[in-house]
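Note sheet for the following structure.
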Amino acid sequence: MAQIVAFSRSLHLQHPLWVSLASLCSRSMSSLDTRARAVFSAAVEGVQPDIVVRRSLERHGDKLLVGGQSFTLTNNLYLVGFGKAVLGMAAEAERIVGDHLIKGVVSVPHGIQKTLRNHGKEKMLLENNSRITVMEGAKNNLPDADAQKSAECIRELASGLTEKDLLLMLISGGGSALLPAPAPPMSLQEKQDVTRKLAAAGATIQELNTVRRALSLLKGGGLAQCANPAQVVALILSDVIGDPLDLIASGPTVRSDSKPEEVWDILDHYKLSGCLPSSVKEVLRPHYGSQVKKQPEEVKDHVLNVVIGSNTIALECASCKAVELGLRPVILSPGICGDVRSVSRLYGLLSRFACSPEKEPPPELSAEILQLGPEVGVESWDLCRTLNVLVEERKEGWGATCLLAGGEPTVQLTGKGRGGRNQELALRVGLELSSDEVKCGAVFLSGGTDGQDGPTEAAGAVTDGELMEEATSQGLDIDGFLTNNDSFTFFSQLSEGRRLLMPGLTGTNVMDVHVMLLPPSAQRDFQ
Ligand SMILES: Nc1ncnc2c1ncn2[C@@H]1O[C@H](COP(=O)(O)OP(=O)(O)OP(=O)(O)O)[C@@H](O)[C@H]1O
Ligand SMILES: O=C(O)[C@H](O)CO
């Protein structure tokens with residue numbers, strides 16, 4: 001965590017020099033739409049797999065420095081990895097550790113090497129003479145026989161290590177599906193049925209991974225236990241709100257403390273406990289773990305877990321870019337969750353607050369915003385801090401404000417259209433911004449940092465208060481598209497797709513980033 005703390009140093013934005021520089025920049029800068037896109041790109045760039053590994057792993061001769069600790073390299077280094085961003089992480093790690101690496105195995109998504117090559121991302125691929133074996137699997141993000149084979153190779157490598165060895169473990173989102181090791185007597189199919197049904201019933205990632213840990217040999221600290229007595233250093237790129245080590249990729253290096261009752265509660269809640277196969281019930285029996293699963297006594301003694309990239313870091317990088325572009329940044333929260341309807345309402349209210357024509361924004365507005373906080377995962381403290389910045393801006397007239405947030409809202413699918421949560425959020429916020437009370441030239445962007453929003457080619461979209469008029473003039477019925485969850489089709493048809501955000505696959509994943517740009521008060525239409 002030291003890296004995060006060091007990286008999250010606060011920006012001194014009150015300085016008069018900064019203020020005049022910012023207003024100078026804001027006058028000469030391009031449109032808010034362009035700047036919102038540049039801010040999003042900076043967020044993604046800041047958490048590229050090679051960059052986060054380089055930032056956290058330092059080598060000086062035969063010393064490897066990581067997470068504030070030093071390890072001696074004596075041709076004793078092994079590497080394993082699993083997750084969507086792990087190939088780029090492995091390529092950079094190998095460049096750093098060089099010949100000290102004896103061998104490695106990474107489990108990465110099906111087709112990723114071809115995709116990265118086609119997108120010109122060769123730096124995320126391994127060299128021809130690499131000592132790391134790349135195994136692809138988990139087609140469509142579902143554990144399959146290929147991924148199970150990869151998990152077996154990873155388990156074998158870890159199990160053969162001695163106390164002289166150092167195991168570098170690279171972990172990122174998607175790691176759960178890429179490291180399936182069903183606890184016997186359960187089959188992969190039986191395990192997959194349980195997780196698939198849970199996901200379809202709307203279980204959160206916390207619930208899903210709590211169950212996955214209980215059904216797996218390697219999750220919930222199992223893999224670190226296999227590597228015992230070797231020293232394990234896990235470099236983790238987080239795609240879960242709050243960066244909980246036990247949940248990211250189902251915590252293969254973190255001893256799981258959840259009890260069978262907790263798992264049963266989740267299965268009961270989603271009405272699955274009555275239809276489980278006997279093998280699953282067997283695995284969930286109390287004391288099963290102590291008999292079959294190698295239960296770690298104290299995994300943490302020989303494991304160092306370091307979060308090297310997260311939504312927070314992406315937002316910090318976005319914030320720095322905003323300053324460069326003459327914007328005044330304020331980070332609302334990296335933990336936005338809840339239904340996209342509530343989240344869009346929050347952004348609508350915040351822009352209404354910033355743009356309200358009265359001398360002071362009405363207190364009812366602040367009260368409504370604070371009331372919405374718990375529904376969208378934002379603490380009152382963060383909301384108050386953000387509202388204060390918006391009030392100060394109104395009084396002192398700085399340049400445009402760049403409100404930043406991140407997380408993973410949810411969409412309740414009711415239709416059969418093509419879309420994703422980012423495009424649906426952008427569409428809903430566009431509607432909010434189009435209402436007369438809010439219209440003040442604000443621009444909103446929502447994008448998935450992996451470059452893919454739902455099953456579409458776009459990462460997200462950019463909207464503003466002109467959206468409604470633009471759609472109507474082109475004969476597009478926004479409500480119809482929303483009812484059918486057809487946001488990608490909507491944005492593709494609107495103005496030749498100019499509002500879509502299309503960075504292509506980015507090779508990283510720290511959930512979503514939201515950017516709302518509010519123009520300076522002087523340009524707003526105050527009455
Ligand atoms: N037509 C649609 N409109 C809106 N949202 C959709 C639509 N189809 C799927 N989704 C949403 O997209 C999400 C899945 O998309 P995606 O593959 O980007 O997920 P993810 O959570 O980012 O995965 P990962 O974290 O593994 O990258 C789900 O939350 C789902 O509800
Ligand atoms: O792999 C997983 O479990 C999810 O991406 C969360 O980390």
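Here, each number is a calculation from the coordinates, and none is a lab measurement. No experiment lies behind these values; they were computed from the predicted model shown. In this analysis, Cβ positions are derived from the backbone assuming ideal geometry, glycine residues included, and neighbour counts consider all displayed protein chains.
Overview of results
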read-out: Anchor Lys103: lysines whose Cα lies under 21 Å away (excluding residues fewer than 8 positions away in-chain); value: Lys63, Lys84, Lys123, Lys149, Lys164
read-out: Extreme residue, positive dipole direction of the chain, given options Leu517, Ala38, Gly507 (C-beta unit charges); value: Gly507
read-out: Residue-by-residue Karplus 3J(HN,Hα) for the stretch 182-191, coefficients 6.51, -1.76, 1.60, Hz, glycine and proline x; value: x, 5, x, x, 6, 8, 4, 4, 5, 5
read-out: Farthest toward positive dipole pole in the stretch 49-309 [+1 Lys/Arg, -1 Asp/Glu at C-beta], among Pro180, Gly222, Val280; value: Pro180
read-out: Cα gyration tensor category, rounded, prolate or oblate, for the stretch 422-527 with a/c compared to 1.5; value: oblate
read-out: Assigned charges on the beta-carbon of Lys, Arg, Asp, Glu; the chain dipole about Cα centre (debye); value: 1100
read-out: Contact order normalised by residue count of the stretch 49-309, Cα under 8 Å, 6+ apart, percent; value: 19
read-out: For the chain, calculated [θ]222 nm from helices alone, where every DSSP H run of n ≥ 4 adds -39500 (n - 2.57); value: -12500 deg cm²/dmol
read-out: Cα shape, the stretch 85-197, gyration tensor, a/c 1.5 rule; value: oblate
read-out: All lysines inside 22 Å of Lys259 as judged from Cα atoms, apart from same-chain residues fewer than 8 positions distant; value: Lys191, Lys197, Lys219, Lys271, Lys281, Lys293, Lys294, Lys300
read-out: Sorted by Cβ neighbour density within 10 Å, fewest at the top, the residues Asp436, Asp486, Asp257, Asp239; value: Asp436, Asp257, Asp486, Asp239
read-out: For the stretch 467-497 versus the stretch 247-285, the gap between their alpha-carbon centres in whole angstrom; value: 42
read-out: Sequence of Phe490, Phe71, Phe353, Phe82 once ranked by neighbouring C-beta atoms within 10 Å, starting from the fewest; value: Phe71, Phe353, Phe490, Phe82
read-out: Two-site FRET efficiency, Ser435 against Asn128, from Cβ-Cβ distance with R₀ of 56 Å, rounded to 0.05; value: 0.45
read-out: Proximal charge balance of His110 [Cβ under 14 Å; K/R count +1, D/E count -1]; value: +1
read-out: Under 19 Å from the Cα of Lys395 - aspartates and glutamates, other chains or at least 8 residues apart; value: Glu358, Glu360, Asp525
read-out: Order of Tyr270, Tyr78 - criterion: other Cβ atoms within 10 Å of each residue's Cβ, fewest first; value: Tyr270, Tyr78
read-out: Anisotropy class of the chain from Cα gyration tensor, a/c 1.5 cut; value: prolate
